Amino acid sequence: AKELECQYSDVSAHLHVLRVALSEKGGARTLHVTNAPTGSSLLAPRKEHAIEIGDLGYFFPVREITIETRSLESVLSELSIARTDFIKLDAQGAEYEILRGLGSQHSASVLAIELEVGLQNAYADQPSFSDIDSMLRSWGLQLYDIKPARSHRAMDGDYAYYPEKVFGVVPDSPTLSKRVWEFDAVYFRSPDYLLSKGDGEGIRRLAVLYCVYGFFQEAIHIVREIGRAHV
């Protein structure tokens, strides 16, 4: 957090670095601090999964600490943010819970969301992709893209073991397929909803978000639709 605060000190009027942990309802929660910090989560890692992938040392040993959390809705309210355009989440299985704490006002107006979706049940009670997709579709969001992350099975934490030692190829050889472990899912709000509401500001912001992700044809289409709808 200190590094981020220093990095963005020159634009502090436009950017806020918040030392806040998020959950659905807020309050005290257990944070499972894994051996590799990138695996830490509000959800408990499953030892069966770590053994299955051959990398017990990524998660274990695990320390449990109690932290105070807040809902995303309360944080946005404190900052007087009435409208949320875009959310990006990577919270090791807690993305679904955090989004459930967004609140009805923001969930009905958010224009785009990118979040990580795990596929291998690495954590206890980890929501499935169908859970996440159903919720976001109920908010009027549509899936536009997925960015898969693939990996080989490890041997005692060595992900190059099977390609190099068993098959005699480099780890990235196209002759040896990698399993999909997780992916980032990108959702955008349905432009039809914004057009039906005559929300010109929302449509312009949506067009910008399309361009950020390279969907230039979608941006051109929605701009043309603005003219046809006289918004």
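The values are calculated or read from the model by the stated rules, or taken from the named source; none is laboratory data. A quick note: this is a predicted structure, and the numbers were derived from the prediction, not measured. Positions of Cβ are backbone-derived with ideal geometry, glycine not excepted, and every protein chain shown enters the neighbour counts. Just so you know, the surface numbers come from the protein's heavy atoms only, side chains and all, with ligands and any DNA or RNA stripped out. Shrake-Rupley method; radii C 1.70, N 1.55, O 1.52, S 1.80 Å.
There is no residue in the range 13-34 that is open to solvent by 20 Å² or more (accessible area, probe 1.4 Å), free of Cβ contacts under 8 Å to residues at least 24 places away in the same chain, of a type in the set (S, T, N, Q) and in contact with an Asp or Glu (Cβ under 9 Å, 6 or more places away or on another chain). The residue list R150, R137 contains one member that is among the basic types (K, R) and either surrounded by 15 or more Cβ atoms within 10 Å (Cβ to Cβ) or farther than 22 Å from E97 by Cβ (or both), which is R150.
Scoring L115 on the criteria (1) open to solvent by less than 30 Å² (accessible area, probe 1.4 Å); (2) in a loop (DSSP other than H, G, I, E, B) leaves a single failure, condition (2). Restricting the range 173-188 to residues that are assigned to a loop (DSSP other than H, G, I, E, B) and of a type in the set (G, A, S) leaves a set whose member that is most open to solvent (accessible area, probe 1.4 Å) is S177.
Of the set (1) more than 27 Å from I146 (Cβ to Cβ); (2) in contact (Cβ under 8 Å) with a residue 12 or more places away in the chain; (3) of a type outside the set (V, I, T), all apply to S109 but (1).
Within the range 194-217, the residues that satisfy the criterion of being open to solvent by less than 60 Å² (accessible area, probe 1.4 Å), of a type outside the set (A, V, I, L, M), at pLDDT 95 or above and part of a helix (DSSP H, G or I) are Y210, C211. Going through (1) under 20 Å from Q120 (Cα atoms); (2) at pLDDT below 95; (3) surrounded by 16 or more Cβ atoms within 10 Å (Cβ to Cβ); (4) of a type outside the set (G, A, S) one by one, P191 falls short only on (1).
The set of residues in the range 88-114 that are among the aliphatic types (A, V, I, L, M) and more than 24 Å from V33 (Cα to Cα) comprises L102, A108, V110, L111, A112, I113. Of the residues making up the range 72-102, those that are farther than 18 Å from E116 by Cα, in a helix (DSSP H, G or I) and either of a type outside the set (V, I, T) or within 9 Å of the chain's Cα centre (by Cα) (or both) are E73, S74, L76, S77, E78. Which ones in the range 218-231 are assigned to a helix (DSSP H, G or I) and either within 28 Å of the chain's Cα centre (by Cα) or touching a residue at least 24 places away in the same chain (Cβ under 8 Å) (or both)? Of everything in the range 218-231, those that are assigned to a helix (DSSP H, G or I) and either within 28 Å of the chain's Cα centre (by Cα) or touching a residue at least 24 places away in the same chain (Cβ under 8 Å) (or both) turn out to be E218, A219, I220, H221, I222, V223, E225, I226, A229.
Return yes or no: is D156 of a type outside the set (S, T, Y) and on the phi > 0 side of the Ramachandran plot?
Considered against the rule, which asks whether it is of a type outside the set (S, T, Y) and on the phi > 0 side of the Ramachandran plot, D156 comes out as yes.
The single condition among (1) under 25 Å from A185 (Cα atoms); (2) open to solvent by less than 70 Å² (accessible area, probe 1.4 Å) that R70 does not satisfy is (2).
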